[in-house]
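Novice: Sharing a structure with you now.
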Amino acid sequence: MSETSIKAFQDNADHYINLINKIGKKVQRESVAFLKTLDTEDGHLLPSNANLEKVLLFQAYIKKYMETIGYDDLVEKFIADVPELVKLT
Amino acid sequence: MKAILKQADAANLALLQSIDVDELLGIKDQLAISVKTNLQALVTGKASLIEAVISVEKSAGVLSQHAATYINTSRSTLSQRITDITAGHLKEEGGGVFYEYFGSPLDDRTRPECVIGLGHGSSANYPNAPYFTEDEKASFEAEFGLRWNCRHEFNLITEAYYKKVTS
């Protein structure tokens, strides 16, 4: 492959890494926002059934949230780019 | 050197892509489990809210690191696979295959194995690095395995060029 082709592959990876980083930041913010909905006492999380139940539900929520903010679409596009990259070689 | 890809090679490349889909969607699932497990431990351990925020930010941030590493490695694996397929076709046509270990120049992030690959380390196994014969390339890959996040790969060079630079 030419140096230009190899660079195109690397640039393509960088593009998706930038998008992943943005999604990662949103997941961090959402997780911290969730944390603040939990019951606390004197600034400490309460080990209550209500809190543990919320936490269990959060697993499914955050997975769905990632889909909503474009994680699955990103994976699809990452794969869809391959034929174009192959053409460059 | 231009890549040589035939119709039958599409299945080989499609397999790589299906692995990518599984792996990247798997990272999403793992992240959700990891964040939940971390939250459970924080709640049952009566962690302070400040401590919990730091811990949750860290566990959620792992997504970026894992997915980015996977994406980087996936693209370089694809690129290397195309080179390897091309090498296979050249051999079918009776030609010899030779490689240059190619990529980012030496810097403070370069791993020891890549220093060797780039020809800046001393290794009796790869006396002509960054130029490699087919056997030397196979030996290097067997010795160092899959190089996650690596910024280098083996690029094909002609036999004439190999002879010129190693003579």
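Novice: Pick from the range A:1-22 the residues that are at the interface with another protein chain (Cβ under 7 Å from one of its Cβ atoms) and farther than 26 Å from B:LEU90 by Cβ: which of them is farthest from the chain's Cα centre (by Cα)?
Specialist: A:ALA13
Novice: Ok, one more. Where residues in the range A:61-71 are facing chain B (nearest Cβ under 7 Å) and not β-branched (Val, Ile, Thr), which of them is nearest to B:ALA3 (Cα to Cα)?
Specialist: A:TYR71
Novice: Please go through (1) in contact (Cβ under 8 Å) with a residue 24 or more places away in the chain; (2) part of a helix (DSSP H, G or I) for B:ILE54 and return the number of the only condition it doesn't satisfy.
Specialist: Status for B:ILE54: all satisfied but (1).
Novice: Ok, one more. State all residues of the range B:14-30 that are among the hydrophobic types (A, V, I, L, M, F, W, C) and more than 7 Å from every other protein chain (Cβ to nearest Cβ); if no residue qualifies, say none.
Specialist: B:ALA14, B:LEU15, B:LEU16, B:ILE19, B:ILE27
Novice: Sort out which residues of the range B:119-143 are touching a residue at least 24 places away in the same chain (Cβ under 8 Å), hydroxyl-bearing (Ser, Thr, Tyr) and over 13 Å from B:ALA87 (Cβ atoms), and write them in order of number.
Specialist: Hit for the range B:119-143 is B:TYR131, nothing else.
Novice: Related question: Strands (runs of 3 or more DSSP E) wholly in the range B:66-157 with at least 2 residues that are within 14 Å of chain A (Cβ to nearest Cβ) - which ones?
Specialist: Per the criteria, B:98-103, B:152-157.
Novice: Only one of these is more than 30 Å from A:LYS64 (Cβ to Cβ), within 17 Å of the chain's Cα centre (by Cα) and of a type outside the set (Phe, Trp, Tyr): B:GLY94, B:GLY103. Name it.
Specialist: Just one listed residue meets the conditions, B:GLY103.
Novice: Name the single residue that is nearest to the chain's Cα centre (by Cα) among those in the range A:78-89 being part of a helix (DSSP H, G or I) and surrounded by 13 or more Cβ atoms within 10 Å (Cβ to Cβ).
Specialist: Residue satisfying both the conditions and the ranking: A:PHE78.
Novice: Limited to the range B:38-64, what total is found for residues that are more than 8 Å from chain A (Cβ to nearest Cβ) and under 20 Å from A:ARG29 (Cβ atoms)?
Specialist: Qualifying residue count, the range B:38-64: 6.
Novice: Does the range A:35-60 hold any residues that are within 8 Å of chain B (Cβ to nearest Cβ) and in a helix (DSSP H, G or I), and which are they?
Specialist: If the condition is that a residue be within 8 Å of chain B (Cβ to nearest Cβ) and in a helix (DSSP H, G or I), then A:LEU35, A:ASN51, A:LEU52, A:VAL55, A:LEU56, A:PHE58, A:GLN59, A:ALA60 are the ones that fit.
Novice: What do you reckon, is B:ILE4 of a type in the set (Val, Ile, Thr), loosely packed, with under 13 Cβ neighbours inside 10 Å, more than 7 Å from chain A (Cβ to nearest Cβ) and within 30 Å of B:ILE157 (Cα to Cα)?
Specialist: no
Novice: Further, regarding this structure: Taking the range B:33-55 only, how many residues are within 30 Å of the chain's Cα centre (by Cα) and crowded, with 22+ Cβ neighbours inside 10 Å?
Specialist: Residues that pass the stated criteria total 1.
Novice: Need the failing condition index for A:ASP81 against (1) under 30 Å from B:LEU78 (Cα atoms); (2) free of Cβ contacts under 8 Å to residues at least 24 places away in the same chain, just the number.
Specialist: In the conditions (1) under 30 Å from B:LEU78 (Cα atoms); (2) free of Cβ contacts under 8 Å to residues at least 24 places away in the same chain, A:ASP81 misses (2) alone.
Read-outs: derived from the displayed coordinates by stated rules, not from any lab. In this text, all values refer to a predicted model and were calculated from it rather than measured experimentally. A quick note on method: Cβ atoms are made from the backbone with ideal geometry, for glycine too, and the neighbour counts reach across all protein chains shown.
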